[in-house]
Structure formats: C-alpha cells, structure tokens
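The values are calculated or read from the model by the stated rules, or taken from the named source; none is laboratory data. This is a predicted model, so every value here is computed, not measured. Please note: Cβ atoms are built from the backbone with ideal geometry, for glycine as well, and neighbour counts cover all protein chains shown. The protein model used for the area step is the full one, side chains on, heavy atoms only, and it has no ligands, DNA or RNA in it. Shrake-Rupley method; radii C 1.70, N 1.55, O 1.52, S 1.80 Å.
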Amino acid sequence: MSTVEETRLLAEGMAAAKAGDRARARELLTQVITINTRNELAWLWMSGILETSAQRRDCLVRVLIINPSNEVAQRGIVALDAQNASTAPAGLAQDQLAGSTSGLAVTCPFCQSQADGTQLDCTACGENIILSCPSCDKPINLWETTRCPCGEGLRHYIFVPEGIDHEGLGQRYAMAERWEAAARQWDRALKEGSHVSMLHRKLAQAYDKIGRGQEAEYHRQVAHG
Ligand SMILES: [Zn+2]
Ligand SMILES: [Zn+2]
C-alpha cells in the first residue's frame, strides 16, 4: 500500500478518535501501523484510545523508540507510571497470586511478549532488550528508550518490530573501542544471517528519505523475503 493510503487512514483514524469513536479509530490506526510500524503519530493516537494503562504505556514506548524526544509521550509515561505507583499494592498482590518470580515484567519492543526486565535478552524472541551504552557503558533499556542520559542515541540501530541492526551497532561499539561488545553484535549478525536483509531495510529507509519510493519499495520487499 502507498504512503498516500497511510496518510489517509491516519487522518481518518485521528478524526474517529476525536469524535470519540474508539472502535473505529482503533481499526483505522491498526491499519496504519500494519502499513508502517514506525508511524509515530499512529502510536501516539493509539495510546489515547486503548483501555488499559499497560496498553497505553506500550504505545507510548513505541513512540519514544521511534522518536526519543517526543515530549507528549515522555509526559504520558510519567503520568501513567505515577498512576500505577499509587495502585502498586494491588498490582503486587496480583503478581504474587500468579506466582510471578520476576522482579520487573516489561513488554519486549520487538515481539511484544512479556519479558523479564532484568535479563539482557528477551526470553521469547532472543533479541537484545538491554544494551550497554557505547559511550558511557550504562545500561539502555530498549523497552523504555533508545537514548542514554549521556546523549548517546541508538535509534538508528533499532528497527521495530524487525529487530536490531547488529552489524551497525557492532560498528558503533568498535568506534568506541568496545571490542567485546562489537564482537558480540557482529557474531549475532552473522549467526542470524540477518545482516543482508537489514541492509535492504536500511536502503529502503534511505530511499524513502530521498523520495525514491519505487527503489524503497523494492528493497522493503527483498528485506521481507
Ligand atoms: Zn521479544
Ligand atoms: Zn551513555
């Protein structure tokens, strides 16, 4: 489908949301996200129409993965977390009833399953969800943000929901002389054989940016193989 279609569906979805027709808005925005998982506005509007605070938070996290400086999403997450903190005792009791042993349940930004936020990799899809910052070595939790407080940003290496550009991220670690971390990323790129399809995806992104839509579409299709 074309970007014209994406824009039209987004406009209709936003109009439905404004008119209070949540079901219709959800249907339209879901279509937008199916066309383009990196549509920042679609995720932002989706966050306003979903039922539970967990769902709303997931949408806002998506917005921040796409654009870490989106202030509406930043404020939204702070507000939701403040709400959750005030109802924490009930939440904890539920976790205990469910026999949960994990200290911190998070939503994997790649496969959307509930992951253990204390583990470096998602236990469901195996993708890295906590990375060390190439500049300052502090952990960057991808379920929360792609930007480190030190200013380092990993946004260009993170493709949602496809996965991480392990080759590119390895290069970033290498530039910082972090050879162990670089080797881990490159090893992964080779094992998964994902580097070729990731290159097609990056080419598609580049061609999109410079308005060469046909070439972008070609590389997107090859990437999805
Ligand atoms: Zn996962
Ligand atoms: Zn840092």
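Identify all lysines with a Cα-Cα distance to Lys138 below 28 Å; exclude those on the same chain that are fewer than 8 residues away in sequence.
By straight Cα distance, Lys138 reaches Lys191, Lys202.
Would you please give the residues with an amide H less than 5 Å from that of Thr107, counting only those at least 5 places away or on a separate chain, with H modeled from the backbone geometry?
Amide H neighbours of Thr107, under 5 Å, 5+ apart: Ala115.
With the other protein chains left in place, how much accessible area per residue, in square angstrom, belongs to the chain at a 1.4 angstrom probe? Walk me through the numbers before you get to the answer.
Values: 12540 Å² over 225 residues.
Here the residues of the chain average 56 Å² of exposed surface.
Please give me the summed charge of the neighbours of Ala25: other residues whose Cβ is under 11 Å from its Cβ, Lys and Arg +1, Asp and Glu -1. All intermediate terms of the calculation are to be shown ahead of the outcome.
On the way: positive: Lys18, Arg22, Arg24, Arg26; negative: Glu12, Asp21, Glu27.
Neighbour charge sum, excluding Ala25 itself: +1.
For Thr145, what charge total do you get from the other residues with a beta carbon under 15 Å from its beta carbon, if Lys and Arg give +1 and Asp and Glu give -1?
Values: positive: Arg57, Arg62, Arg75, Lys138, Arg147, Arg155; negative: Glu40, Asp58, Glu71, Asp81, Glu144, Glu152.
Net local charge, Thr145 excluded: 0.
First obtain the Kirkwood hydrodynamic radius of the chain from its Cα pairs, then insert it into the Stokes-Einstein equation at 25 °C and 0.890 mPa s, and state the resulting D in µm² per second as a whole number.
Values: Rh = 19.0 Å.
The diffusion coefficient I find is 129 µm²/s.
Using DSSP H assignments, which helices in the chain have an axial alpha-carbon span of 18 Å or above and a mean Kyte-Doolittle hydropathy of -0.5 or higher? Each step should come with its number before you reach the end.
Working: long enough: 3-18 (22 Å, 0.01); 22-35 (20 Å, 0.18); 53-66 (20 Å, 0.57); 71-86 (23 Å, 0.04); 179-192 (19 Å, -1.26); 195-209 (21 Å, -0.70).
Those that pass (Cα extent of 18 Å or more, hydropathy at least -0.5) are 3-18, 22-35, 53-66, 71-86.
Given R₀ = 35 Å, FRET efficiency for Cys111-Glu177 by Cβ-Cβ distance, to 0.05?
Numbers: r = 32 Å, r/R0 = 0.92.
Given R0 = 35 Å and the Cβ-Cβ separation, E is 0.65.
What does the charge add up to near Leu154, with Lys and Arg as +1, Asp and Glu as -1, over the other residues with Cβ less than 9 Å from its Cβ? Spell out each step's value before the answer.
On the way: positive: Arg147, Arg155, Arg172; negative: Glu152.
Neighbour charge sum, excluding Leu154 itself: +2.
Return the calculated 222 nm mean residue ellipticity for the chain, to the nearest 500 deg cm²/dmol, obtained by summing -39500 (n - 2.57) across DSSP H runs with n ≥ 4 and dividing by the residue count. Don't jump to the answer; show the numbers that get you there.
Working: 10 runs with 131 residues, N = 225.
The helix-only estimate for the chain comes to -18500 deg cm²/dmol at 222 nm.
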